[in-house]
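Peer 1: Sharing a structure here in structure tokens format.
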Amino acid sequence: SLRKLWTGAVWAEGPVYFAEGGYVLWSDIPNDRLMRWSAKDGASVHMKPCGYMNGHTRDLQGRLISCEHGNRRVSRQEKDGKVVTVVDRYRGKRLNSPNDVVVKSDGTVWFTDPPYGILSDREGHKSESELGKNYVFRFDPGSGDLRIVADDFDKPNGICFSPDEKQVYIADTGASHSKEGPHHIRVFDVVDGQKLSSGKVFADISPGFADGLRVDTGGNVWTSAGDGIQVYSPRAELLGKALVPEVVANLTFGGPGKDTLFITATTSLYAIKVKARGAQRP
């Protein structure tokens, strides 16, 4: 059964789970705050202001990696709580507004960079794009190399790897601002761990469109949609749905067995136990 854990956001996004503390963090973007929930303590404000954070993940050391619309950067929270910049510019030009992020097993940071945070002052600060396009990037913290891995998206959004990291799934939410815009998930082969090829549409999402997405240990894709969570096999077969009474933005696996879905849906945080385990680390 679906449980509503908390409500009170304007637009809830980017859940990320911390197993060692038994809590989930998520963003309430227009309110410029990072929220926290645990079964023990309930919900509280974890950080405010927070740079209009959106999507989150964790790096190989377990540190929080965040996409900040307001500061137009990918940031990292150190163990002492200090927030530092991971990357904020490409060839001297400011990023648009990083949206969602994943860390590969080699430590590289892959993220999408649509314009949502600069289109208005609602989820960031209205501004012109310095890049002129919306890219998907790969950043190597070791070398400092930032490179474009995909340049043909309308508005790239959610991103996640298959369990073996041989493929990457990326949502395009261009339909958010155009009826003719894309509302699908694309899948790419990952070449040499650092390039993408053979991109194709994996699934068209309806109603609504894909935003955040995750994969389970079986390689099934769990994606947000207008009616809740939709689950697709690696062959793009729709396996089922978890219906949610609000439009879903994002999701993550958590809980002791990684078999609880934490779902951010418009104003609320939900949870539901499922018969699958998340493949993400840590």
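Peer 1: Please determine whether any residue of segment 78-88 is at pLDDT 95 or above, of a type outside the set (Gly, Ala, Ser), open to solvent by less than 20 Å² (accessible area, probe 1.4 Å) and not in a strand (DSSP E or B).
Peer 2: no
Peer 1: For residue 71, are the conditions met, namely being in a loop (DSSP other than H, G, I, E, B), under 23 Å from residue 172 (Cα atoms) and either touching a Cys at 6+ places or on another chain (Cβ under 6 Å) or of a type in the set (Lys, Arg) (or both)?
Peer 2: Values: in a loop (DSSP other than H, G, I, E, B): yes; under 23 Å from residue 172 (Cα atoms): yes; either touching a Cys at 6+ places or on another chain (Cβ under 6 Å) or of a type in the set (Lys, Arg) (or both): no.
The answer is no for residue 71.
Peer 1: Which one of the conditions (1) under 29 Å from residue 34 (Cβ atoms); (2) crowded, with 20+ Cβ neighbours inside 10 Å; (3) modelled with pLDDT of 95 or more does residue 280 fail to meet, given that it meets all the rest?
Peer 2: Of everything listed in (1) under 29 Å from residue 34 (Cβ atoms); (2) crowded, with 20+ Cβ neighbours inside 10 Å; (3) modelled with pLDDT of 95 or more, residue 280 misses just condition (3).
Peer 1: If only one of 148, 170 is in contact with a strand residue (DSSP E or B) (Cβ under 6 Å, 6 or more places away or on another chain) and either over 18 Å from residue 235 (Cα atoms) or assigned to a helix (DSSP H, G or I) (or both), which one is it?
Peer 2: Working: 170 fails: either over 18 Å from residue 235 (Cα atoms) or assigned to a helix (DSSP H, G or I) (or both).
Only one candidate qualifies: 148.
Peer 1: To continue, here is another question. For segment 139-162, does any single residue satisfy the condition of being at pLDDT 95 or above and in contact with a helix residue (DSSP H, G or I) (Cβ under 6 Å, 6 or more places away or on another chain)?
Peer 2: Checked against the condition, which is being at pLDDT 95 or above and in contact with a helix residue (DSSP H, G or I) (Cβ under 6 Å, 6 or more places away or on another chain), segment 139-162 yields at least one hit.
Peer 1: Separate question: Being surrounded by fewer than 17 Cβ atoms within 10 Å (Cβ to Cβ), at pLDDT 95 or above, at negative phi and more than 19 Å from the chain's Cα centre (by Cα) is the requirement here; does residue 180 meet it? Working first, answer last.
Peer 2: Numbers: surrounded by fewer than 17 Cβ atoms within 10 Å (Cβ to Cβ): yes; at pLDDT 95 or above: no; at negative phi: yes; more than 19 Å from the chain's Cα centre (by Cα): yes.
No, not satisfied.
Peer 1: Let me ask something else about it. Give the number of residues within segment 233-247 that are in contact (Cβ under 8 Å) with a residue 40 or more places away in the chain and either on the phi > 0 side of the Ramachandran plot or surrounded by 17 or more Cβ atoms within 10 Å (Cβ to Cβ) (or both).
Peer 2: Total satisfying the criteria: 2.
Peer 1: Cβ-Cβ distance below 7 Å, separation of 6 or more or different chains: which pairs start in segment 77-95 with a residue that is touching a residue at least 12 places away in the same chain (Cβ under 8 Å) and within 18 Å of residue 111 (Cα to Cα) and end on one that is open to solvent by 50 Å² or more (accessible area, probe 1.4 Å) and not in a loop (DSSP other than H, G, I, E, B)?
Peer 2: 86/76; 88/94; 95/89
Peer 1: If I filter segment 38-55 down to residues being within 24 Å of residue 113 (Cβ to Cβ) and in contact with a Leu (Cβ under 6 Å, 6 or more places away or on another chain), which single residue comes out as most open to solvent (accessible area, probe 1.4 Å)?
Peer 2: Filtering segment 38-55 for residues that are within 24 Å of residue 113 (Cβ to Cβ) and in contact with a Leu (Cβ under 6 Å, 6 or more places away or on another chain), the one most open to solvent (accessible area, probe 1.4 Å) comes out as 47.
Peer 1: May I pose another question? Tell me the residue from 62, 158 that is part of a loop (DSSP other than H, G, I, E, B), in contact (Cβ under 8 Å) with a residue 24 or more places away in the chain and either out of contact with any Pro (no Cβ under 8 Å at 6 or more places or on another chain) or surrounded by fewer than 19 Cβ atoms within 10 Å (Cβ to Cβ) (or both), please.
Peer 2: Values: 158 fails: part of a loop (DSSP other than H, G, I, E, B).
62 is the lone residue from the list that is part of a loop (DSSP other than H, G, I, E, B), in contact (Cβ under 8 Å) with a residue 24 or more places away in the chain and either out of contact with any Pro (no Cβ under 8 Å at 6 or more places or on another chain) or surrounded by fewer than 19 Cβ atoms within 10 Å (Cβ to Cβ) (or both).
Peer 1: Moving on. Note down all Cβ pairs under 9 Å where the first residue falls in segment 1-24 and is at pLDDT below 95 and part of a strand (DSSP E or B), the second is of a type outside the set (A, V, I, L, M) and surrounded by fewer than 22 Cβ atoms within 10 Å (Cβ to Cβ), and they're at least six residues apart or on different chains.
Peer 2: none
Peer 1: Something else about it: Could you run through segment 8-51 and say how many residues are closer than 19 Å to residue 263 by Cβ and among the acidic types (Asp, Glu)?
Peer 2: The number of residues fulfilling the criteria is 2.
Peer 1: Residue 215: touching a Pro at 6+ places or on another chain (Cβ under 9 Å), open to solvent by less than 30 Å² (accessible area, probe 1.4 Å) and not in a loop (DSSP other than H, G, I, E, B), yes or no?
Peer 2: So residue 215 fits the description; yes.
The values are calculated or read from the model by the stated rules, or taken from the named source; none is laboratory data. Note that this is a predicted model, so its numbers are computed, not measured. Every residue, glycine as well, gets a Cβ built from its backbone with ideal geometry; the counts of neighbours run over all protein chains shown. These area figures cover heavy atoms from the full protein model, side chains too; ligands, DNA and RNA do not enter into them. Shrake-Rupley method; radii C 1.70, N 1.55, O 1.52, S 1.80 Å.
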